[in-house]
Amino acid sequence: MSVQKFQAPKGVSEYFPPRSKLFEFVRECLISPARLAGYQLMELPVFEDTELFKRGVGESTDVVSKEMYTFTDRGDRSITLRPEGTAGAMRAVIEHGLDRGQLPVKIWYSGAYFRAERPQAGRYRQFYQVGIEAIGLDDPAIDAEVIAIADAGFKAIGLKKYRLELTSLGDSQSRAAHRIDLLKFISTLNLDEATAARAQINPLRLFDDKREEMKKAMSKAPLLMDYLSDESRSHFESVKGYLDALGISYQLNPHMVRGLDYYTGTTFEFIHDGLGAQSGIGGGGRYDGLMQELGGQSLSGIGFGLGVDRALLAAEAEGVVAEDRFVSDLFVIPLGDVAMVESLKIATTLRLAGKRVEVAFGARALKSSMKAADKSGARYVIVLGDEEMSSQSVELKNMNSGVSASVRIDSLINAL
Ligand code: HAM
């Protein structure tokens, strides 16, 4: 009888040792600056009402029209695996009234997202993001802070070969003025039916068309940048001023089109040079109409989503090595059953004090346990036998220098 072998679904990203160590490091680096800036955790469901994404992300987007994992649940409800985090975050803020308290609401999140894209290097059907949202403040200073937090995350990883692209998609007044001229321009193009339909929902989408002939045609289209209202222009000038003051360099990209329809005003993307086609390691911007669109009050917002998978690939491309903050402080090798009991006690006590401690299991020969200790990368090793237990002291061996020192078991914590 042949037994079926299982494989992960096509196109998902998975992390397991030893690579998961770098993944953990990268994700931690991306989260940490948000925590340091007072953003608080929001943990949300991975599935939501399908309509939330249709309304929030927009029906003209590839994400909604082609890439959602949508199914009918047992209660006949249409459910979608979250393709991104902002719509769900906004849903939760409105539902739980967070917007009735202190503003801005500042939250961060991290987790798996789902898009049924064609899998390729750096593009997965299940991928990981770290994101933040700051809701309820129009001040351009917060735009700069949000961008600076993303930048600090990439810097913490040790990335160097990335750049920030920046634009403004203006307020509704700016976009309305631009839309009239853009639609006029588009009406002179010879479009297929599907493209014309997209243009009617959101003409900006055509700037994102990857076909060569469309790129060429759209290169002559009027740019939103040239239609910014005085208010949008001055907001954008301030954002740039703050970024300059913070020493965060950027390139203006008036052709930027984000893959989600909710963006307004300041919009940005981080691009890494070592990743080939899937070079966007993070992106975000303002979404000043989203809360109202989703049935909440009229509050503005800004945030970002950073791609943990791609930041990891970028780290690997740049030869970043995970900091050894995940390496064990001590590796304990027991000789015999009684020593095992003692070893587990020592390990438990030290772990309570915040030390990383591994125990060698499986009654192996000392030589093979020493090999395991070496491979684990642990900083120190002790061997625990009858002699050590009766004297209550061990030889604490520094695996880096090879030097050993005699230490009492109850002083191990200090010695480490
Ligand atoms: P997004 O640009 O669609 O924005 O995604 C953010 C990041 O997620 C991308 O820059 C990329 O690194 C990563 N990413 C997206 N799709 C994939 C994929 N299929 N495989 C691997 N990585 C991927 C958003 O999702 C917005 N919610 C960000 C935001 C928050 N804007 C305002 N607030």
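Select from region 315-365 those chymotrypsin sites (Phe, Trp or Tyr not before Pro) which occupy a DSSP coil region and have at most 14 other Cβ atoms within 10 Å, ordered by residue number. Working shown, then result.
Details: sites: F326, F331, F361; in loops: F361.
The qualifying sites are F361.
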When the dipole is taken about the Cα centre of the chain, and only Lys, Arg (+1) and Asp, Glu (-1) are charged at their Cβ, what size is it in debye, to the nearest 20?
1020
³J(HN,Hα) computed for each position of region 65-81 - Karplus, 6.51 cos²θ - 1.76 cosθ + 1.60, integer Hz, glycine/proline x:
7, 10, 10, 7, 8, 10, 8, 9, 7, 5, x, 6, 9, 8, 10, 10, 5
Round to a whole number: what % of the accessible area of the chain belongs to carbon and sulfur, probe 1.4 Å?
51
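So for the chain: antiparallel DSSP bridges make up what percent, rounded to the nearest 5?
Details: 49 of 62 bridges.
Bridges in the chain are about 80 percent antiparallel.
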Residue-normalised value, i.e. accessible area per residue, for region 111-226 at 1.4 Å probe, in Å², stands at 47
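Counting Lys and Arg as +1 and Asp and Glu as -1, each charge on the Cβ, what is the dipole of region 171-286 about the Cα centre in debye, to the nearest 20? Intermediate values should be presented prior to the final figure.
Details: 14 positive and 16 negative charges, 36 e Å.
Computed about the Cα centre, the dipole is about 180 debye.
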How many angstrom lie between the Cα centre of region 105-132 and the Cα centre of region 312-352?
30
All-pairs Cα distance distribution in the chain, expressed in whole percent, bin size 10 Å
4, 18, 24, 21, 14, 10, 6, 2, 0, 0
Residue-by-residue Karplus 3J(HN,Hα) for region 172-181, coefficients 6.51, -1.76, 1.60, Hz, glycine and proline x
5, 5, 4, 5, 5, 5, 5, 4, 4, 5
Cα atoms only: what Rg and Dmax, in Å, come out for region 261-313?
13.8, 42
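Plugging the Kirkwood radius over Cα pairs into Stokes-Einstein for region 1-111, at a temperature of 20 °C and a viscosity of 1.002 mPa s, what D comes out in µm²/s? Could the numbers behind the result be given before it?
Details: Rh = 17.0 Å.
My calculation gives 126 µm²/s for D.
Is there a quick way to get the dipole size of region 56-204? I mean about its Cα centre, with the Cβ of Lys and Arg at +1 and of Asp and Glu at -1; what is the value in debye to the nearest 20?
Working: 19 positive and 20 negative charges, 111 e Å.
Around 540 debye, computed over region 56-204.
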Here are some pairs, K106/K355; K10/K66; K210/K240; K10/K215; K21/K345; which of them have Cα atoms lying more than 24 Å apart in this structure?
K106/K355; K210/K240; K10/K215; K21/K345
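Using Cα pairs under 8 angstrom and six or more residues apart, how large is the relative contact order of region 179-268, in percent? Write out the running numbers ahead of the final one.
Numbers: 39 pairs, mean separation 27.9, N = 90.
The value is 31 percent.
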Find how many whole Å separate the alpha carbon centroid of region 136-152 from the alpha carbon centroid of region 1-67.
23
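The values are calculated or read from the model by the stated rules, or taken from the named source; none is laboratory data. On a predicted model such as this, the values are computed, not experimentally measured, just so you know. Using ideal geometry, Cβ is built from the backbone for each residue, glycine included, and neighbour counts are taken over all protein chains shown. Just the protein is used for accessible areas: all its heavy atoms, side chains included, with ligands, DNA and RNA removed. Shrake-Rupley method; radii C 1.70, N 1.55, O 1.52, S 1.80 Å.
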